[in-house]
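The numbers here are math on the coordinates, done by the rules we state, and not lab data. Since the model is a prediction, treat every value here as computed from it, not as a measurement. Neighbour counts run over all protein chains shown; Cβ positions are idealised from the backbone, glycine included.
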Amino acid sequence: MKKVISGIILCMLALQGFAQHEDILRIGISGGDGHTSAEFVVTQGRYEVVLDGTTRAQLAAFERCSLRPAGNRVAVSSQNGTIGNANRVLLRSVKWHSHFKLSAKGTSNRFLPAVYPDHLIVRAQNGKLVLVNECALENYVAGVAEAESGKGHELEYYKVQTIIARTYALANVRRHASEGFHLCDEVHCQAYHGASRFEERIPQATWATRDHVLVDHEINLVTAAFHSNCGGHTLNAEHVWSRPLPYLVGRPDTFCLVMPHSHWEACFARKNWQDYLEANLEAEGVEDSLVSLSYYPARRKRFFADSLNNLRMTTIRRDWGLRSAFFVVEEAADSVRLTGRGFGHGVGLCQEGAMRMAQLGYTSNEILHFYYKDVHLIDKKHIQFFREE
Ligand SMILES: [Zn+2]
Ligand SMILES: [Zn+2]
C-alpha cells in the first residue's frame, strides 16, 4: 500500500503541478479584553471599503481608515471624513499581493501593529472590535513559519515548518467556528503575526511545498505536533495528552543536543518545593523527604515518583513554569536545584533537532519521516482520491 501510494503521488505531482485555486482562511486577531479602535493603512496594493456588502470607498497605497465600535456596529472614517457604519466591514484587497498595516488600541496583543496580507473583516461585539484577517492559505502558512521559527534557518528546515503549518491549519479549521473564524493567531492554534517579511527563504519554502500535507495510513491529516527541543528523546502522544497516535511515537534524537535549548536549570526555595509536593502527592505512607528533595529519573517519566502515580510531570511543569517536564532534582542547603532537558512538550517534531538536521544536509522529507512515524507527504488535492481507492 505504502509503495503504491508513493508511486502514484510522485506521478500525480509531476503531472498536475501546483494548486489551481487559492484556499482562504480566516484568522482571529487576538486582543485580550478587546480592541477599542483600530487603524488600517494600505502598505501595498489597493483596497475597497465594503460596508454590509456595498463598496463605499477605495483606498490606494498609504491611504488609511479608522475603525471604532458604535454600539453593535462598526463606524469607519478616512482622512476625508466619515465613510459610514455597518454590521460587517470588509477591507477587501483588489490587487495581487496587497497588504496592510494594522494597529489597535485597548488591546493586549503585543504583536500589533503588524502587516497582514489580503483582507480584513471587522465586526463589533459588546462595544469592542473583532478583527479577522482573511487570507490565502499559503500567505498564512508563510506567516506561521516566520512566527514559529524566526530568521536564519536552512531552506529545508523552512520546508518542514511550512508543511507542518499547512497540515495543522487544514486539520483544525473548525477550531474557532463558533467565533466566526477558522484559527486564532496564538499558540493555542499556531503563532501568526501577519505576513512573512523578514526571511526570503520562507516564501521560497512555501512555494516549493505548496499544497503538500502530511497524512497517516488512512489518509487523514495528521496532528503535526511540534516543540522547541526534546532534550534527547521525543515522547508518545499519550504521555502528554490523552490519546495515543501511531505517528506520534517517542524516539531518541541526538541532533538537538548541541542546540540552544537542550538544557536548563532552575532553583527554588526548598520549603516551597516541599510544601508543593506534600500538597499534591496524595499517596499515604510515603516519606515526603524520599520523593521531594532528590529525584533522578533515568529517562522521561509520566508521573513524578513511579510509586505514587498521581502527580503528572506535565502538571509540575505548568505549576512551576518550567521549560520541560524532563528534569532531575538535587537538594542544596535551603533550596532545590532542578536540572532539565529540552524545551516544550516533547511530542512530534523537535524544531531544534530539525534545524540541526537541515544544517547537516538532510532533506525536508527525511526530517519529517525522522520525527513522524510512517506518514505520507501528499498533495492535499488528492486526499479524496486516495480515500476512495
Ligand atoms: Zn486557537
Ligand atoms: Zn530533539
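Annotations for the structure displayed:
- Look at the dipole of the chain built from charges on Cβ: of Y296, Q351, G150, the Cα furthest out on the positive end belongs to G150.
- Summarising the amide proton neighbourhood of R251: residues at separation of 5 or more, or on other chains, whose placed amide H is nearer than 5 Å comprise T234, L235.
- Segment 25-74: chymotrypsin sites (Phe, Trp or Tyr not before Pro) falling in loop per DSSP and having at most 11 other Cβ within 10 Å: F62
- Each residue, A266 and F62, gets one label point 7 Å from its Cα in the Cβ direction; the gap between the two is 5.0 nm.
- Computed over segment 23-205: relative contact order in percent, which uses C-alpha pairs under 8 Å that are six or more apart: 25
- Positive-end residue, segment 23-205 charge dipole about Cα centroid, Cβ charges, pick of T55, F198, T167: T55
- Fluctuation leader among D253, D374, D33 - the chain, Gaussian network, Cα springs under 10 angstrom: D33
- Between S294, S37, S364, the residue with the greatest mean-square fluctuation in the GNM of the chain (Cα pairs under 10 Å linked by springs) is S294.
- Distance between modelled label sites at W207 and S103, nm, 7 Å Cα→Cβ extension: 3.3
- Paramagnetic label zone (point 7 Å from Cα along Cα-to-C-beta, R318; backbone N under 15 Å) in segment 217-252: 239-243
- Segment 335-389-segment 89-163 distance, computed between alpha-carbon centres (Å): 25
- Distance (nanometres) between label positions extended 7 Å along Cα→Cβ at S178 and L360: 4.6
- Seen from T36, the other residues with C-beta closer than 13 Å to its C-beta sum to a net charge of +1, counting Lys and Arg as +1 and Asp and Glu as -1.
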